[in-house]
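Please treat every number below as a calculation from the coordinates, not as lab data. This is a predicted model, so every value here is computed, not measured. Ideal geometry is used to build each Cβ from the backbone, glycine not excepted, and the neighbour counts take in all protein chains shown.
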């Protein structure tokens, strides 16, 4: 294919559009067909497979000065890239917390990239799509209609924006102008010991310092101890510091626990603290009538960060931060009014509201896949899938509890199951080694991809289920494989 | 279409995969065909068009509880969204600095969203694609092979990461743990008055405060006055502050000026300061043998942030930050070694290097469009297009200089042209009003989309050319239209 070459004629100008649109169209059809065939047959393939050495080595190519054309590059993609992903497409992938994406989401990404609108704002339909999506997401979270929000890359950025707004709103001085440099009471933020690593990263990035993130103990169900929080805040105030924010978690990464969000909201009101909820995946429980009680109180948050590329089933990247007070949101990020200059007519007439709600000025059309997915599938169907994932997790927990060779290591309040293979007479250390090996073999054999975590010194095989392709039979296959491999590994050790 | 509904059979589980793959495939083909037809015929349509009121109002729909299916949503996209973007696809769009994207880039986004790999790292081919792309980008920038980097959303995030690494490397204390809170010498960062707004946003986000960003005057060519910088740093040191970073700009947003990067690199070496280059679009001049002298010295930077969705012609979002010292990069963001636990085998064997180079943990496969584009088109063809954009800008500048009704308002060292319609006897105030109106009418008539800026009190029509679809005839059409509308507006005023 000849895109990138000059058009015919000595003086002609070049372009990256195809020289032959029909030829490119045929290739694009092939890309779609191959892709859909892959997606429709995922179940027949391993959940993950290691790369052969020659494939691994092939990604050290010299700088491509001359073009080899789209056909050739696509062939290399099919041979060297597509067969060796980390596996989260697959019906038996439950590692970390990674969604699958959907065929509709994938086509929406193509449409978004083709239209390629600049999503700082502007007077354009794509901006209205994002406004609409944010209004729907606020409604689903039970937040008021005037709630502000913006779509971002992921949960870490969403919650970092929430924390940045909190810092600006509650610092007690002009933190944007003055920064945190200088001699003042130390700003402190609180979360439980189960708070995800984003909070440390955000505290560091924002210049608060990781030492300004106070981690409060949890109860036996991995939920923040609200009385311990109360004591910590009081002690810090007494020491002359300035507590400004509490982070509640809806769905911890380790076990799927949700803090008592109502209690945290009430505490924050009493204390004049900003209440941020990290609901990376757990916030989506609010979409389901049956599961909403688990996250009750989330609608009282000052800000909520959550992903749509996890339990919203959409392809990476898309997450959302919602901020109850739109003025607080804008005040933390908007720069000068000069951006709005000449704003009554023309392309810039819409202003650049989205650039004033976060870090990025240039933004892509992430909103399209959310809009298309919500409208095409409907909220009820997505909520039903979320419930299905919870039922599947509880089903796996039941199987684990009934099987004498398996041991449930944490409560299963949502969609995360932590368990291990066990046999009589072995101490934790030996069981940890066996279960680590089971996890690796599950992956290497391509049976399934759970990940691992350690709970109170016990290594757990961890299933985090945000997979719209999983069936009950897949969890049964996992449990069977854990027992089978556990016996093999255990016998070898014994 | 019936995706999202339960499969047949009372006890069956639901999925968001299509119930009928052939039906979905037919729709996907239609999406591709319509899209390519739109792209191939862009030139026949207006560069931008305002939305009718009924279209505008249509984006306030109730929450979609029930699904209407993919066909219906796609139809709405074609009717209500696709016709009304902000226009940056178009051959005569040169507003702000916004790229077009390419057909290959658009299909790469589809492939990336379908495979949907989790790009924190992991032992997978997509991670190797990103490593490969970063190595190529470092080579193109003239930086050493061990240079670290990561692909991010845009130039603001890329340069914010650069500044965060600088802060950590040069603070003189453990800024991650302690934060900036406390009584210490004030950390200061320097750039010219032409530095893009990202720097203020970054200084605010990082807790440095906008007052810690010192803006140094520029010369007549809009380049930083290095002697003034030297004096400012000396005065701040004498006042007990701690200068830690200088930002050089390759391609200012207003006029396309590039600071004397060699002089800045030398100054930073002398002073022990971190040297960051914001090369949002200008850094890409380094890809061209002919243009590289303009950005000479960029290869000496400690860190460089630049976009690939502007002058790299790729669809949003993709930008890159390169950091010369890989340990400094990792030290600023990596969390605990526990992430690498069990790292020798299985899916996590690759570690999560990309999550340790920036804020995001979950990351999408932005690298694929870069990899496919560089290999398919080749660096030389892309560099040739960059040169073509510069030639087109200089051609427009020549036309402006030859036309007595047009006035060039700034030098044209790269791809940005600032000019205005003029007529004898009118003061700046009147000309400013006329040129504002010309700009709006150009957009409203769909002739072209430049944007505006103000230089020394004079309102300029500003053309920033990163458009691979533009031809010389498009710039001639713009100049003709400016004169025509200028006469109309000027006559009405007079």
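In chain B, the beta-carbon sitting nearest the axis that superposes B on A belongs to the residue given here with its distance in angstrom, B:207, 1.
Based on C-alpha pairs under 8 angstrom that are at least 6 apart in sequence, chain A has a relative contact order of 20 percent. Note on A:351-360: average number of Cβ atoms from other chains within 10 Å of each residue's Cβ is 3.
Quantify how strongly other chains surround peptide B:41-49 by giving the mean number of their Cβ atoms within 10 Å of each of its Cβ atoms.
For peptide B:41-49, the averaged partner shielding equals 1.
Take chain A, drop everything but the C-alpha atoms, weight them equally and run the Debye formula without solvent; then report log10 I(q)/I(0) at 0.09 Å⁻¹ to two decimals. With no solvent term, the Cα-only Debye profile gives -0.72.
Of the peptides B:172-182, A:155-165, A:183-193, the ranking by mean beta-carbon count within 10 Å, highest at the top, reads A:155-165, A:183-193, B:172-182. If both residues of a DSSP beta bridge must be in the protein assembly as shown, then about 60% of such bridges are antiparallel. In deg cm²/dmol and to the nearest 500, what is the mean residue ellipticity at 222 nm of chain B if only DSSP H runs of at least 4 residues count, each as -39500 (n - 2.57), divided by the residue total? So the calculated ellipticity at 222 nm is -12500 deg cm²/dmol. Rounded to 0.05, the FRET efficiency of the residue A:234 and residue A:290 pair, given R0 = 30 Å and the Cβ-Cβ distance, is 0.20.
Is the range B:145-203 rounded, prolate or oblate when judged by the Cα gyration tensor, a ≥ b ≥ c being the square roots of its eigenvalues, rounded requiring a/c under 1.5 and prolate requiring a/b larger than b/c?
oblate
Modelled spin labels at residue B:344 and residue B:30, positioned 7 Å past Cα toward Cβ, are 5.6 nm from each other. Sorted shortest first, the separations between the residue B:78 label point and its copies elsewhere in the assembly read 2.7 nm; each point sits 7 Å from Cα along the Cα-to-Cβ line. Rounded if a/c is under 1.5, else prolate if a/b beats b/c, else oblate: with a ≥ b ≥ c from the C-alpha gyration tensor eigenvalues square-rooted, which is the range B:241-359? Oblate. The Kirkwood radius of the protein assembly as shown, taken over pairs of alpha-carbon atoms, gives through the Stokes-Einstein law at 20 °C and 1.002 mPa s a diffusion coefficient of 74 µm² s⁻¹.
Projected onto its three principal axes, the C-alpha set of the range B:295-385 covers 47, 30, 20 Å, listed from the longest axis down.
Straightening the chain between residue A:455 and residue A:65 buys 135.3 nm, computed as 0.36 nm per residue apart minus the Cα-Cα spacing.
In this assembly of identical copies, the label point of residue A:227 (Cα plus 7 Å along Cα-to-Cβ) is separated from its counterparts by 7.2 nm, sorted shortest first.
With the convex hull constructed from alpha-carbon coordinates only, the range A:197-265 shows a mean projected area of 4.8 nm² over all directions. Taken along the Cα-to-beta-carbon direction at a fixed 7 Å, the label points for residue A:79 and residue A:492 span 3.4 nm.
Estimated translational diffusion coefficient (Stokes-Einstein, Kirkwood radius over Cα pairs, 20 °C, 1.002 mPa s) of the range B:117-364: 117 µm² per second. Eigen-decomposition of the gyration tensor built on the alpha-carbon atoms of the range A:86-198 gives equivalent ellipsoid semi-axes of 32, 23, 14 angstrom, largest listed first. Per residue of peptide B:162-168, the mean number of Cβ atoms on other chains within 10 Å of the residue Cβ is 1. Each other copy holds its own label point for residue A:41; taking that point as 7 Å from Cα along Cα to Cβ, the gaps run 3.7 nm, nearest first.
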